[in-house]
Amino acid sequence: MRLELVTKENVRAACDLKLHPHQESYVAPVAVSIAEAYVNQDIAWLRVIMDEDQVVGFVMVAIQPDEPIEAYRFCIWRLNIAAEEQGKGYGRFAIDSVLKEARERGVSRVTVTWHPGEDGPEEFYKRLGFVPTGEVLEGEKVGAIDV
């Protein structure tokens with residue numbers, strides 16, 4: 001497993017990633033994320049998750065150290081793992097890679113936001129060590145982990 005920059009060679013495969021139908025209301029499609037990254041190039045850090053030569057997922061982080069709202073300073077913005085690839089460790093690998101990136105940048109706290117709901121990703125993030133902060137920003141719960 002590895003992370004790679006989104007490039008003209010892999011962007012189509014990234015945009016073609018499909019979640020389980022019950023997950024679609026919890027995370028934007030990759031194409032929307034890439035469009036948002038394009039207009040937020042100064043803060044967006046995005047990568048595809050690769051297994052050999054196959055794109056199996058996508059992760060995007062907002063990095064804005066001077067942001068007044070602490071939860072948005074180094075925040076996992078999106079994580080999409082293809083439906084047929086879930087449960088194989090790709091999500092954990094992506095989060096571990098993001099935490100490593102944070103440490104390399106001297107960041108001590110990483111946050112993530114999620115839409116609350118029965119099929120949402122809250123339990124996944126909790127299993128990885130994120131702790132709900134009690135904050136709700138733009139309708140999303142905030143979780144944090146110290147790195």
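Derived scalar couplings between HN and Hα for segment 72-85 equal 9, 6, 9, 10, 5, 8, 8, 9, 10, 10, 3, 3, 6, 9 Hz in order, rounded to whole Hz, by the Karplus curve 6.51 cos²θ - 1.76 cosθ + 1.60 (θ = phi - 60°), x for Gly and Pro.
With +1 on each Lys and Arg Cβ and -1 on each Asp and Glu Cβ, how big is the dipole of segment 2-146 about its Cα centre, in debye rounded to the nearest 20? With Lys and Arg at +1 and Asp and Glu at -1, about 280 debye. Calculate the length of the line joining the C-alpha centroid of segment 18-43 to that of segment 106-142, in whole Å. Between the Cα centre of segment 18-43 and that of segment 106-142, the gap is 17 Å. Placing unit charges on each Cβ (+1 for Lys and Arg, -1 for Asp and Glu) gives segment 2-146 a dipole about its Cα centre, and among ALA94, SER25, TYR38 the Cα reaching farthest toward its positive end belongs to ALA94.
With the highest mean first, a sort of the peptides 5-18, 48-61, 66-79 on other beta-carbon atoms found within 10 angstrom per residue produces 48-61, 66-79, 5-18. Using only the Cα atoms of the chain, each taken as one equal point scatterer with no solvent, compute I(q) by the Debye sum, divide by I(0), and report log10 of the ratio at q = 0.11, 0.21 Å⁻¹. Values returned for q = 0.11, 0.21 Å⁻¹ are -0.37, -1.54.
Each reported figure results from applying straightforward, stated rules to the coordinates on display, with no laboratory input. Predicted model only: the values in this text are computed from it and were never measured. We place every Cβ from the backbone using ideal geometry, glycine too, and count neighbours over all the protein chains shown.
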